[in-house]
1. Relative contact order, percent, of the chain when contacts are C-alpha pairs under 8 Å separated by at least 6 residues?
2. So for Ser49, Ser4, fewest C-beta neighbours within 10 Å to most, what's the order?
3. Students often get this wrong, so check it: of Lys9/Lys45; Lys2/Lys63; Lys23/Lys63; Lys9/Lys62; Lys2/Lys62, which have C-alpha atoms separated by over 18 Å?
4. Taking the Cα centre of the chain as origin, sum charge times position over the Cβ atoms of Lys and Arg (+1) and Asp and Glu (-1), and report the length of that vector in debye to the nearest 20.
5. So what's the gap between the Cα centers of region 39-53 and region 1-17, to the nearest angstrom?
6. For the chain, build the convex hull from the C-alpha positions and give me its volume per residue in Å³.
7. Most exposed first by the Cβ proxy, i.e. fewest other Cβ within 10 Å, how do Lys9, Lys62, Lys45, Lys2 rank?
8. Ranked from highest to lowest mean number of other Cβ atoms within 10 Å per residue, what is the order of the peptides 14-23, 28-37?
Amino acid sequence: MKASDLRQKSRAELQEELLNLRKEQFNLRMQQATGQLARPDQFNKVRKSIARVKTVIREVEKKAGEQS
């Protein structure tokens, strides 16, 4: 998911997206540990998506802090 798409979401939606990505990361980690991971590149994609979401959340928080 692109950062521009994420910026259009509310903070609650971003938190939910982050939670879903963390669950997916956990599932991929478990698949890797048991040797069932079919696409190893997915792990890095999920990691980068988590970083993107966290960055946008931080931007939203910072913007809200400046307005107050």
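Computed from the coordinates by the stated procedures, all read-outs in this text should not be read as laboratory data. These figures come from a predicted structure and were not determined experimentally. Note: ideal-geometry Cβ built from the backbone for every residue, glycine included; neighbour counts use all protein chains shown.
1. 47
2. So the ranking, lowest neighbour count to highest, is Ser4, Ser49.
3. Listed pairs above 18 Å: Lys9/Lys45; Lys2/Lys63; Lys23/Lys63; Lys2/Lys62.
4. With only Lys, Arg, Asp and Glu charged at Cβ, the dipole is about 180 debye.
5. Their Cα centres are 16 Å away from one another.
6. That works out to 74 Å³ per residue.
7. With the sparsest Cβ surroundings first, the list reads Lys2, Lys62, Lys45, Lys9.
8. Those peptides, ordered most packed to least, come out 14-23, 28-37.
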